[in-house]
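Participant: Before anything else, here's the structure in question.
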Amino acid sequence: MLAPYLNSNVELLPLQHPSKRFYAVNVIRLIDALDYENSEVEYVEGQPGFVRDVNRFAFKLDVIQESQIFMIPEYKSLRIFVTDTFKEAVEDNGLKGFTFELLWDSEMNNDAEADLERQYQEAFAAVERNKGEKFSFDEAIKRMEAGESLASGQWRLQQAPDGTVRLGNLQADGSYSWIQPIFYPPALLDLKWHVVDSLPLK
């Protein structure tokens, strides 16, 4: 199903199981695909050559056309990027366990992009405006397990109705994309968190 899109972009690592064949997919395709001219990039203070975060993505279309799944140096080992072609292959074959976040649309016009940026900034500002006492990540996890919801910038931690953990990432349209994490990205561990109102979760 996905073999044509994986090929030289990933390596398949066999996992041990008594009766079934499973593989871990390690993405090895690293390409210089970020379009700095049209992206909104935040740099580490005092170190303009080091990227702290990318608030709005734009990609070099000619670079990503040959790579359906890839990483970029700015987020090496932290984020995996895919094209619409890969996403459609996953959805057409009914594959489960994937969560996709729209970061960039090569066909989006400037007005639509500006509107999405406005929605994102309004949602982000609302989180920042309601900051209270700040907590470490470990303290945030304890409070989340006790029933509170917490946020740090674009990220949210919250319990689902079934008691499992949900990690939310603020989307371009101001909504959140939620996943049930099997591990926490290292970038979250140094952030400061604060209590926020809970959002509806299924």
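Participant: Restricting to segment 116-153, name every residue that is touching a residue at least 24 places away in the same chain (Cβ under 8 Å), open to solvent by less than 90 Å² (accessible area, probe 1.4 Å), under 14 Å from Tyr176 (Cα atoms) and out of contact with any Phe, Trp or Tyr (no Cβ under 9 Å at 6 or more places or on another chain).
Facilitator: Leu116, Gln119, Tyr120, Phe124, Val127, Ser149
Participant: Identify all residues within segment 117-145 that are among the basic types (Lys, Arg) and outside any helix (DSSP H, G or I); write none if there are none. Walk me through it before giving the result.
Facilitator: Of segment 117-145, the ones among the basic types (Lys, Arg) are 118, 129, 131, 134, 142-143.
Answer for segment 117-145, where residues must be among the basic types (Lys, Arg) and outside any helix (DSSP H, G or I): Lys131, Lys134.
Participant: Under the condition of being of a type in the set (Val, Ile, Thr) and surrounded by 16 or more Cβ atoms within 10 Å (Cβ to Cβ), which residue from segment 178-200 is modelled with the highest pLDDT?
Facilitator: The first filter runs over segment 178-200 and keeps only residues of a type in the set (Val, Ile, Thr), leaving 179, 182, 195-196.
If we keep only those that are surrounded by 16 or more Cβ atoms within 10 Å (Cβ to Cβ) too, we end up with 195-196.
Working: Val195: 93, Val196: 90.
Only one residue tops the list, namely Val195.
Participant: Evaluate the following for Lys96: is it among the charged types (D, E, K, R), open to solvent by 60 Å² or more (accessible area, probe 1.4 Å), under 18 Å from the mean Cα position of the chain (by Cα) and modelled with pLDDT under 90?
Facilitator: Against the criterion (among the charged types (D, E, K, R), open to solvent by 60 Å² or more (accessible area, probe 1.4 Å), under 18 Å from the mean Cα position of the chain (by Cα) and modelled with pLDDT under 90), Lys96 qualifies.
Participant: In segment 75-89, which residues are modelled with pLDDT of 90 or more, touching a strand residue (DSSP E or B) at 6+ places or on another chain (Cβ under 9 Å) and open to solvent by less than 70 Å² (accessible area, probe 1.4 Å)?
Facilitator: Phe81, Val82, Thr83, Phe86
Participant: Restricted to segment 1-19, and to residues that are part of a helix (DSSP H, G or I) and at pLDDT below 85, which residue is nearest to Pro73 (Cα to Cα)? Can you show your working first?
Facilitator: So in segment 1-19, the residues part of a helix (DSSP H, G or I) come out as 3-9.
Next, only the ones that are at pLDDT below 85 stay: 3-5, 7-8.
Details: Ala3: 24, Pro4: 24, Tyr5: 20, Asn7: 20, Ser8: 18 Å.
This residue is Ser8.
Participant: Got a sec? Which strands (runs of 3 or more DSSP E) wholly within segment 20-66 have at least 1 residues that are charged (D, E, K, R), under 19 Å from Leu191 (Cα atoms) and open to solvent by 60 Å² or more (accessible area, probe 1.4 Å)? Give the derivation first.
Facilitator: Numbers: elements: 22-27, 40-44, 47-56.
It comes to 40-44, 47-56.
Participant: On to the next question. Find all pairs meeting these conditions: Cβ atoms under 6 angstrom apart; at least six residues apart or on different chains; first residue within segment 35-61 and among the aliphatic types (A, V, I, L, M); second residue surrounded by 12 or more Cβ atoms within 10 Å (Cβ to Cβ) and not in a strand (DSSP E or B).
Facilitator: Correct list of pairs: Val51/Glu74; Val54/Ser39; Ala58/Asp35; Ala58/Asn38; Ala58/Ser39; Ala58/Trp104.
Participant: Please determine whether any residue of segment 167-177 is farther than 17 Å from Arg56 by Cβ, open to solvent by 20 Å² or more (accessible area, probe 1.4 Å) and touching a residue at least 24 places away in the same chain (Cβ under 8 Å).
Facilitator: Among the residues of segment 167-177, not one is farther than 17 Å from Arg56 by Cβ, open to solvent by 20 Å² or more (accessible area, probe 1.4 Å) and touching a residue at least 24 places away in the same chain (Cβ under 8 Å), which makes the answer no.
The values are calculated or read from the model by the stated rules, or taken from the named source; none is laboratory data. Fair warning: this is a prediction, and the values are worked out from it, not measured in the lab. Cβ: placed from backbone, ideal geometry, glycine included. Neighbour counts: every protein chain shown. For the accessible areas, the whole protein counts, side chains as well, though only heavy atoms, and no ligand, DNA or RNA atoms are used. Shrake-Rupley method; radii C 1.70, N 1.55, O 1.52, S 1.80 Å.
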